[in-house]
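The values are calculated or read from the model by the stated rules, or taken from the named source; none is laboratory data. All values derive from a computational prediction rather than experimental measurement. Note that each Cβ is placed from the backbone with ideal geometry, even for glycine, and that neighbours are counted across all protein chains shown.
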Amino acid sequence: MYGTSASETALPGQWLLINSITLRFLLVYELSAADRAVGVNELTELLERGRLIHTVARRLPLEAIAEAHEIVERGEVMGNVIVDIP
């Protein structure tokens, strides 16, 4: 989870258990410079290999930037709200 202001969240417990998923929570701002570099390198590699997929919920033109901001503030969609800049 990234950039959330929610104090609580629901997790799919049974699915996590069946798939032997381990969760580790951290605050990115508390990472050391070395740990941050490792994370950036891993993310860069995943991006280069096409292994990260962004969920685009809405795509709007630059002229609708206020609407895009309002959609995000209301929590109206799951995924990214993209503003196309010409």
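Looking at the range 51-72 only, could you name the residues that are among the hydrophobic types (A, V, I, L, M, F, W, C) and either closer than 12 Å to Ile82 by Cβ or modelled with pLDDT of 95 or more (or both)? Working first, answer last.
Let us first name the residues in the range 51-72 that are among the hydrophobic types (A, V, I, L, M, F, W, C), namely 52-53, 56-57, 60, 62, 64-66, 68, 71-72.
Within the range 51-72, Val56, Ala57, Leu60, Leu62, Ala64, Ile65, Ala66, Ala68, Ile71, Val72 meet the criteria.
Identify all residues within the range 61-86 that are surrounded by fewer than 12 Cβ atoms within 10 Å (Cβ to Cβ) and assigned to a loop (DSSP other than H, G, I, E, B); write none if there are none.
Passing the criteria: Gly75, Glu76, Met78, Gly79, Ile85, Pro86.
Do you know which of the residues in the range 1-50 that are assigned to a helix (DSSP H, G or I) and among the hydroxyl-bearing types (Ser, Thr, Tyr) is modelled with the highest pLDDT? Full working, then the answer.
First pass over the range 1-50, keeping only residues assigned to a helix (DSSP H, G or I): 13-18, 28-30, 33-48.
With among the hydroxyl-bearing types (Ser, Thr, Tyr) added as a condition, the list becomes 29, 44.
Working: Tyr29: 85, Thr44: 90.
Looking at residues that are assigned to a helix (DSSP H, G or I) and among the hydroxyl-bearing types (Ser, Thr, Tyr), I get Thr44.
Have a look at Val40, Val72, Val28, Val83 and point out the one that is farther than 25 Å from Pro12 by Cβ and out of contact with any helix residue (DSSP H, G or I) (no Cβ under 6 Å at 6 or more places or on another chain). Spell out how you get there, then give the answer.
On the way: Val72 fails: farther than 25 Å from Pro12 by Cβ; Val28 fails: farther than 25 Å from Pro12 by Cβ; Val83 fails: out of contact with any helix residue (DSSP H, G or I) (no Cβ under 6 Å at 6 or more places or on another chain).
Exactly one residue qualifies, and that residue is Val40.
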